[in-house]
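Participant: This structure is in structure tokens; I'll ask about it shortly.
The values are calculated or read from the model by the stated rules, or taken from the named source; none is laboratory data. Just so you know, these numbers come straight off a predicted model, no measurement behind them. Neighbour counts are summed over all protein chains in view; Cβ atoms, including those assigned to glycine, are modelled from backbone coordinates with ideal geometry. With ligands, DNA and RNA removed, areas are computed over all heavy atoms of the protein, side chains included. Shrake-Rupley method; radii C 1.70, N 1.55, O 1.52, S 1.80 Å.
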Amino acid sequence: MLKLIKVLALGAVIATLTVASAQAQDHDLKPTVVLVHGAFAESSSWDAVIARLTKDGYVAIAAANPLRSVASDAASVAAVVRAIHGPVVLVGHSYGGPVITEAANGNPNVKALVYVAGFMPDTGESSLTLSGKFPGSTLASALAPVMLPDGTQDLYIQPSKFHLQFAADVSDDKAALMASAQRPVAQAALAEPSGAASWKLLPSYMIYGSADRNIPPAVMQFTAERAHAAKTVVVDGASHALMVSHPAEVTALIEEAASAR
């Protein structure tokens, strides 16, 4: 029975990607947008962005990010990218930034990278090293570690602190739902050094909020400038949950990256 379930699940994924590829061909070769969530989020965090992209004629896929390690998470996303026929724009939120940076390597159909309140690491940098490069993050004091049977740790944000820490500009009810549905990240993943920096070869775009409490805004400004990003957007007063609280601005930047020649 378990084997049958796995086969059916794999079949559903393949069917989705096949439909996405066919749709991409029907939309004047518009790139497929692959959206990668970060730590303490999950795929539905992209819902409002996906709705806007779909309305504008784009195919969008919210790829599952296991949040286990940069290398293995990137391999999962890269498999999705390889299954798509045609150009792809990779979009990563938060820890999803290192994941898309690695996932783009070896995938020639990736045409641009969009970082949404995300880390944009150089080779050998980790989320932790970048986060500590400038002051401003209050994440450490909001975390709730959970010890796993193998001795490693998963990290959650304490539900009582989630709203202020992660999504201060989201409604109380929505933030409560996000806190309950948050996906934990392996502590080791945040400390894992990144591989080759694909943003050195691909156009990159950055959007972040000036009131981000997870990643210091200065970090994202620094990495965008270092990468000579094609465009950087700063949303005044926005939190780390930018794709939830400001989906219009996020969608506009993704579409700009997708339409650039």
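Participant: In region 67-83, is there at least one residue being open to solvent by 40 Å² or more (accessible area, probe 1.4 Å) and part of a strand (DSSP E or B)?
Facilitator: no
Participant: In this structure, does G97 turn out to be in contact with a Gly (Cβ under 9 Å, 6 or more places away or on another chain) and either of a type in the set (K, R) or more than 14 Å from F222 (Cβ to Cβ) (or both)?
Facilitator: When the stated conditions are applied, G97 does not pass them.
Participant: Given the structure, is G86 open to solvent by 40 Å² or more (accessible area, probe 1.4 Å) and part of a loop (DSSP other than H, G, I, E, B)?
Facilitator: Here the answer is no, as G86 does not meet what is asked.
Participant: Give me the residue from region 195-232 that is under 24 Å from Q165 (Cβ atoms) and among the small types (G, A, S) and, out of that set, surrounded by the most Cβ atoms within 10 Å (Cβ to Cβ).
Facilitator: Filtering region 195-232 for residues that are under 24 Å from Q165 (Cβ atoms) and among the small types (G, A, S), the one surrounded by the most Cβ atoms within 10 Å (Cβ to Cβ) comes out as G209.
Participant: Would you check which residues across region 192-234 are under 16 Å from the mean Cα position of the chain (by Cα) and among the aromatic types (F, W, Y) and list them?
Facilitator: W199, Y205, Y208
Participant: Let me ask another. Within region 233-258, how many residues turn out to be assigned to a helix (DSSP H, G or I), farther than 27 Å from T123 by Cα and open to solvent by 40 Å² or more (accessible area, probe 1.4 Å)?
Facilitator: Looking only at that region, the number is 3.
Participant: Just wondering, is there one or more residues in region 167-188 that are open to solvent by less than 40 Å² (accessible area, probe 1.4 Å) and closer than 16 Å to G118 by Cβ?
Facilitator: yes
Participant: Name the residue that is farthest from the chain's Cα centre (by Cα), counting only residues in region 108-158 that are polar (S, T, N, Q) and crowded, with 18+ Cβ neighbours inside 10 Å.
Facilitator: Taking the candidates together, the pick is S137.
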